[in-house]
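Below is one structure, written out as structure tokens, with a few remarks after it.
Only the coordinates and a few stated rules stand behind these numbers; no lab work does. These numbers come from a predicted model, not from an experiment. Glycine gets a Cβ as well: all are built from the backbone with ideal geometry, and neighbour counts include every protein chain shown.
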């Protein structure tokens, strides 16, 4: 039996199965000093306590009281104390039914909480701006079509464009749920269920739905069930009486009943403020674009020939889908705070939503088709929540060299680093740390205990050097935007000296500027790594000074657990460190890219399951990014040679070719 199988069973709350797997693993691998054996014993303690066998948990804890590792000793003492209290009946088992007296929730629901006035203002402006933008795009398309019919835009044609825009907008508005339904059928199977079916799984969520619909005199949403392990909940539609509430199995595996109720209430908040209708209107066309990506991907998979060609063809609609998704980001980000506030009022339990956000981040895997297709509808963003999710995976595993209090410092970057604002602009949802900060304020209003010791985190703000934070950010941001700045300078220069050259001056200068800017940005993204810092995954993620552009040369040990081809020529690798997965980016050399990739795939396959020492550059942006330089197996086996990556080479090569191309074009056109 594998340790990973036991971990998965425990995460999915199959405690009896987890005990069987982990017990057999320990019997077959009885080496008490190894990290995996200790981890298995820790998970066994957790599983035994969940099924009420505190006596078994006590027996295991007593074996580690005098362990030579002080971290293990500390864990054993704490776990033993908890198990003894459980055995004495002092600590009751967790209750998943409707609770009215939990210490970290209010005694009743439907409370009134104050919210910052600017949050409502930003939300309303975002709604108006997004609606105006969509109408403007449709109007622009109409004008473009009219320009193909007649070269002169008369008043009559202008009225035609306005009327067509109004009709097309109304049709798109009412068709958007139908279009989303069609595309969802292609992505995954939705089973439609009733409140009676949902009640045994989440009774408090059913109560929230019933009270919401009764208070507004509307129909109960059509509830869809998806058999997917990702914790997902979203709602869409155009009118409150015809909404669809989609829930995944993973949501019920990850969350407790009060947390599910909080997430459902948060989604119903979109109906209360009408943001669901605007998001559905904006997202429906982009769903069709994503459907094209899925169809092309399936064609390439079935043909099994021309993989690179089909991969590039599928990438085009995928990038278009990502680009069009930005149209709804203003509404989805601003409405998230309003909906969180609504959920806290509806349930009287802001802490449940705080826990739910962290747990959903923890159990959200590498973005799947379900997560990608529902990016504008979801409760969290699977990309920007990755860092928090990784830390909570480590926290859930129960074995880390860093204390629980320090693990919570993962939120510091989201709260105080200027790069967090830049990151949030590229996300459909606010950062989890910022949402929990608002929910903590609601908990204070209700006199409740806080989650994740946020008050201590806010005190830590005083120890941060904001001068360094903003100085580094200003420098990094200037270099990040260097390609675009240089292109703007090239455009201005070409306009001033167009009379000296022919019409090729503009593309020549743009190519030179773009190449130089890319080269400058690469110098900061991939600095010299001769002075490498040996660290681990946790220390990288809790660093509040981490940059989204400036690569930090580091060396991290871990187990390579898998790989996949993402965007050519990039390979996505997965490194496990302290029971959490860190995504890695590997790039082969130029010769390998233009020839057979079989040797690289064979090498990666041989390294899967091996303990490796990874050297490269770490950055924290939308997702934690680790660009590999060298992947060195620790085993010492001569058959396992280091695997080198070539990020610097590709950056320098592409930027140099662009500059030389611009110079060549400029020289050639000046001679003739």
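Here is how the numbers come out for the structure above:
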item	result
Fewest-first ranking of 659, 232, using other Cβ atoms within 10 Å as the exposure measure	659, 232
By average C-beta atoms within 10 angstrom, highest first, the peptides 192-199, 289-296	289-296, 192-199
Net length gained if the chain between residue 426 and residue 171 were fully extended (0.36 nm per residue, minus Cα distance)	88.9 nm
Label-point separation in nm, residue 219 to residue 69, each point 7 Å along Cα→Cβ	5.7 nm
Whether the range 106-196 is rounded, prolate or oblate, judged on the alpha carbon gyration tensor where a/c under 1.5 counts as rounded	oblate
Over the range 190-384, relative contact order from alpha-carbon pairs under 8 Å, at least 6 apart, %	24 percent
Efficiency of FRET from Cβ geometry, residue 326 and residue 488, R₀ 35 Å, rounded to 0.05	0.95
For peptides 424-433, 518-527, sequence by mean Cβ density within 10 Å, most packed first	424-433, 518-527
5 Å binning of all Cα-Cα separations within the range 190-384, expressed as whole percents from 0 upward	1, 8, 16, 19, 20, 16, 9, 6, 4, 2, 1, 0
Ellipticity estimate at 222 nm from DSSP helix runs (n ≥ 4, -39,500 (n - 2.57)) divided over the chain, nearest 500	-19500 deg cm²/dmol
Relative contact order (percent, whole number), the range 464-672, Cα cutoff 8 Å, 6+ residue spacing	24 percent
Exposure proxy order (Cβ contacts within 10 Å, fewest to most) of 416, 64	416, 64
Given (1) -0.40, -0.71, -1.34; (2) -0.66, -0.91, -1.11; (3) -0.64, -1.06, -1.30, the label whose value is log10 I(q)/I(0) by the Debye sum over Cα atoms at q = 0.06, 0.08, 0.11 Å⁻¹ derived from this model	(1)
Sites residue 152 and residue 303, calculated FRET efficiency, Cβ-Cβ separation with R0 51 Å, nearest 0.05	0.55
Between the range 189-209 and the range 420-437, the alpha-carbon center distance in angstrom	30 Å
Ascending count of other beta-carbon atoms within 10 Å, so fewest first, for 236, 15, 25	15, 25, 236
Residues residue 35 and residue 449, FRET efficiency given R0 of 35 Å [Cβ-Cβ distance, rounded to 0.05]	0.55
Length released on extending from residue 135 to residue 17, taking residue separation times 0.36 nm less the Cα-Cα span	37.0 nm
Relative contact order (%) - criterion: Cα under 8 Å, at least six apart; region: the chain	10 percent
